[in-house]
1. Looking only at residues in region B:46-91 that are facing chain A (nearest Cβ under 7 Å) and within 11 Å of DNA strand D (Cβ to nearest atom), which one is surrounded by the fewest Cβ atoms within 10 Å (Cβ to Cβ)?
2. Considering only residues that are more than 8 Å from chain A (Cβ to nearest Cβ) and either under 9 Å from the mean Cα position of the chain (by Cα) or over 15 Å from A:L13 (Cα atoms) (or both), which ones fall in region B:2-11?
3. Could you list, in sequence order, all residues of region A:12-26 that are within 8 Å of chain B (Cβ to nearest Cβ) and either away from DNA strand D (no atom under 12 Å from the Cβ) or among the basic types (K, R) (or both)?
4. Give the residue that is farthest from DNA strand D (Cβ to nearest atom), with candidates limited to residues of region A:27-45 that are out of contact with any Pro (no Cβ under 6 Å at 6 or more places or on another chain) and polar (S, T, N, Q).
5. Specify the residue that is nearest to the other protein chains (Cβ to nearest Cβ); the eligible residues are those in region B:27-45 that are closer than 17 Å to B:F77 by Cβ and buried (at least 20 other Cβ atoms within 10 Å of the Cβ).
2 protein chains.
Amino acid sequence: MEIKSVVTALAALAQESRLAIFRLLVQAGPEGLSAGKISEALGIPPSSLSFHMKELAHADLVSSRQESRYVIYSANFRTMNELLGFLTENCCGGKPCKPTATSDCAGIEETQA
Amino acid sequence: MEIKSVVTALAALAQESRLAIFRLLVQAGPEGLSAGKISEALGIPPSSLSFHMKELAHADLVSSRQESRYVIYSANFRTMNELLGFLTENCCGGKPCKPTATSDCAGIEETQA
DNA sequence: CTTATATTTCTATAATATTTGAATCATGGA
DNA sequence: TCCATGATTCAAATATTATAGAAATATAAG
């Protein structure tokens, strides 16, 4: 994954509303959710939601498909996985961290200044 | 890890200079690097660097220690690991993704719209 | 064709972030 | 003390991002 893409993806997720949107879409799975449902579920006005969806789509973290008069958004797991791959490579100096066991990287860690 | 912390950490890394700084510090390991070394290595003016280091420190992604007249920065692997843990939980609907094998999440993934 | 519904685009405003030179502060040595 | 070095803070300009109502667009149904 290219640095630019990494920064774009991180920026897309580095915002409370968008992180919430993405989490919701991950929960929803491949079927996804309509813009309206997301808007309602998170209490984000439609125009604001549209703005955020554009950010997420630009980062390739979500895809959209038209279904009758609804626009359905779904999470792009592949991109998220690539992002996690990049971050893992760049944590622990390349050694893979098992994210479930929060102790893997801790070995290299200093006692904190 | 709390949502606010996650957003703060993501925002800290969602900037080209800061991502480069963090990667450099990960490479450097627990010994860390002085502000001057980072500044020189990445071609970032001291005052700009200071600004970025404050962001990273605020996100608890780096620590600093004074060493004679140098300020030495080092990566906080623990925080990075916690961040990865959170993101992993929120990708693939809770199922841990092996970040080295970029195919783990792909099973759930749709064919992209 | 008209109306209702879903979503996006437009527009303006407000809030945050970034960049850096200059000034300031801190530490160590002559 | 005085000077040199390393780093941070200040200040001011610039750029980017976020918010949300109103208008426009798209689809479907009567």
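Read-outs throughout are calculated quantities, based only on the coordinates presented, and are distinct from any laboratory measurement. Predicted, not measured: the structure shown is a model, and the values here were computed from it. Glycine also receives a Cβ, built like all others from the backbone with ideal geometry; neighbour counts cover every protein chain displayed.
1. Ranking the candidates gives B:R65 first.
2. B:A9
3. Residues satisfying the conditions are A:F22, A:R23, A:V26.
4. A:Q27
5. The extreme case among them is B:G32.
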